[in-house]
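Take a look at the structure set out below.
The values are calculated or read from the model by the stated rules, or taken from the named source; none is laboratory data. Everything numeric here is computed off the predicted structure, so don't read it as measured data. Note: ideal-geometry Cβ built from the backbone for every residue, glycine included; neighbour counts use all protein chains shown. The protein model used for the area step is the full one, side chains on, heavy atoms only, and it has no ligands, DNA or RNA in it. Shrake-Rupley method; radii C 1.70, N 1.55, O 1.52, S 1.80 Å.
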Amino acid sequence: MGKATPHVVATFYTTTAALAMQKAGVRHGLRGRLAPIPRQLSAGCGFAWREPAEGGAEVASAAADAVRAVLEAEGIEAEGVVLLDL
Amino acid sequence: MIYFDNAATTLQKPPEVARAVTAALSSFGGVGRGVHPASLAAGLAVYEARDAVASLLGAPGADRVAFAANATAVLNIAIRGLLPQGGVAVTTAASHNSVLRPLFAARDERGCEVRVAPHDARGSLDYAALERLVRGADLVVLTHASNLTGDVYDAARVAHVVHEAGARVILDAAQTAGALPVDMAALGVDVLCFTGHKSLMGPQGTGGLCVAAGTDVPPLLEGGSGTHSFDERHPRFMPESLEAGTLNAHGLAGLAAGVAYLQARGMADVAAHEACLVQRLRAGLVRMPGVRVLGGGEAAGHCGIVALNVGEADSALVADRLATEWGICTRAGAHCAPLMHRALGTESQGAVRVSFGAFNTEEEVDACLEALEVIAHDVSRGR
């Protein structure tokens with residue numbers, strides 16, 4: 001395993017919502033991608049959106065805001081949005 | 001060969017459909033069952049199919065479109081989910097067995113009452129009777145267009161009456177989705193059931209249901225979901241709540257391609273094309289002595305189906321002559337529509353169903369008319 005770095009992780013109730021995020025994330029220019037959900041999270045869906053957030057608290061906050069903005073703009077229901085070292 | 005059995009399944013599909021399925025077969029992993037590239041490819045293709053269907057049929061969004069193997073499967077899901085134990089269901093005599101049998105099973109096994117609104121000998125629905133039957137009902141299952149006559153019924157009018165009565169309405173759009181412009185929101189139905197392999201141009205083994213916002217359809221099947229693995233029961237989140245087990249992602253990739261073709265061509269163009277073919281065939285048939293065209297009495301419209309009989313000739317023999325002597329594929333018999341045949345008085349004779357698709361031509365219609373003229377002449381002479 002490589003060195004853990006901060007990521008904003010969005011989790012979903014359904015695979016369909018996760019896939020909607022994949023399409024929306026690309027369209028809105030996010031840097032993240034869909035990945036298997038980290039085991040420390042207990043979300044229902046096996047997919048999570050991982051947005052890189054390395055560079056300090058302000059960068060992490062901005063990354064979380066960007067993810068939430070896409071979720072809201074596209075009407076995608078997330079189970080949660082958290083900051084994790086992955 | 002002239003293929004006029006599109007109400008059973010479309011044979012001539014856009015080439016993009018086969019290309020999409022072929023590509024999927026060699027590149028897809030399990031849909032929703034992993035996050036590696038092969039699984040994501042399958043997942044995104046299924047998502048594209050949901051999005052395309054939602055857009056074409058006026059569903060609230062991709063997350064309100066659930067897939068299954070065919071219209072029969074999703075009608076079973078919707079009927080079982082929305083008709084309570086001991087509840088009252090209403091349908092019409094135009095219904096296919098995919099509606100009638102689940103309803104009669106609910107009557108026999110779950111204490112439900114089933115009321116059937118009649119059609120007259122021209123195939124027209126008795127709306128006044130339907131409106132009376134809806135009172136006190138829990139669920140109405142309406143066939144959008146008869147798979148026998150092609151007549152379209154006024155779904156918006158029925159949905160309004162059903163909702164006034166406090167019930168829900170399922171629309172069986174097996175014959176209209178992809179053949180006519182269909183907008184679930186404008187029609188006001190709670191659930192719209194469709195099949196992928198007819199006018200939507202997808203492969204067999206694809207179908208689905210669109211569920212209105214605020215309508216909860218409980219799962220019929222429970223099992224693998226790829227999510228919530230430690231829950232004892234199947235997750236209740238749409239659309240995956242209605243999709244236990246691995247989806248037919250290969251087929252759904254083809255369905256997405258078929259729907260994309262329809263969107264690019266335009267539903268109005270497809271509907272107008274099929275209406276022209278229907279009109280041409282009917283115009284030729286009315287000039288043939290002894291030929292009876294079934295249905296046609298509905299004000300709400302018509303899809304690309306013409307059902308007929310030649311004198312008292314067995315419909316199976318007429319269809320067989322069309323196939324063996326002229327290479328024209330039609331469908332004879334009862335068409336899984338027993339109550340409509342009873343209404344039309346064709347239980348013993350059956351009917352010859354000619355059904356058009358987006359790729360049929362006027363020349364093919366003319367060839368069919370020439371063949372039927374020969375058959376009608378023979379029948380009139382007792383041969």
Can you give me the number of residues within segment B:263-298 that are outside any helix (DSSP H, G or I) and open to solvent by 70 Å² or more (accessible area, probe 1.4 Å)? 4
Tally of residues being at pLDDT 95 or above and surrounded by fewer than 23 Cβ atoms within 10 Å (Cβ to Cβ) across segment A:36-49: 0
Hey, any hits in segment B:109-127 for a residue that's of a type in the set (D, E) and under 18 Å from B:V74 (Cα atoms)? no
Could you name every one of the helices (runs of 4 or more DSSP H) located completely within segment B:7-118 that has at least 1 residues being within 14 Å of another protein chain (Cβ to nearest Cβ) and of a type in the set (S, T, Y)? B:37-57
Filter pass, B:L25 being among the hydrophobic types (A, V, I, L, M, F, W, C) and open to solvent by less than 50 Å² (accessible area, probe 1.4 Å): no
Given the condition among the small types (G, A, S), exposed (fewer than 12 other Cβ atoms within 10 Å of the Cβ), closer than 28 Å to B:F230 by Cβ and more than 14 Å from every other protein chain (Cβ to nearest Cβ), answer yes or no: does some residue in segment A:28-35 qualify? no
Filter segment A:3-14 down to the residues that are out of contact with any Phe, Trp or Tyr (no Cβ under 6 Å at 6 or more places or on another chain) and within 12 Å of another protein chain (Cβ to nearest Cβ) and list them by number. A:T11, A:F12
Do we find a residue being more than 28 Å from B:T9 (Cβ to Cβ) and surrounded by fewer than 15 Cβ atoms within 10 Å (Cβ to Cβ) anywhere in segment B:135-150? yes
Does A:V67 satisfy the criteria of being crowded, with 20+ Cβ neighbours inside 10 Å and farther than 19 Å from B:G34 by Cβ? yes
Condition broken by B:E232, with the remaining ones in (1) within 14 Å of another protein chain (Cβ to nearest Cβ); (2) open to solvent by less than 10 Å² (accessible area, probe 1.4 Å); (3) over 21 Å from the mean Cα position of the chain (by Cα) satisfied: (2)
Failed item in (1) crowded, with 17+ Cβ neighbours inside 10 Å; (2) not in a helix (DSSP H, G or I), with B:L372 passing the rest: (2)
Quick check: is even one residue across segment A:13-31 among the aromatic types (F, W, Y) and touching a Leu at 6+ places or on another chain (Cβ under 9 Å)? no
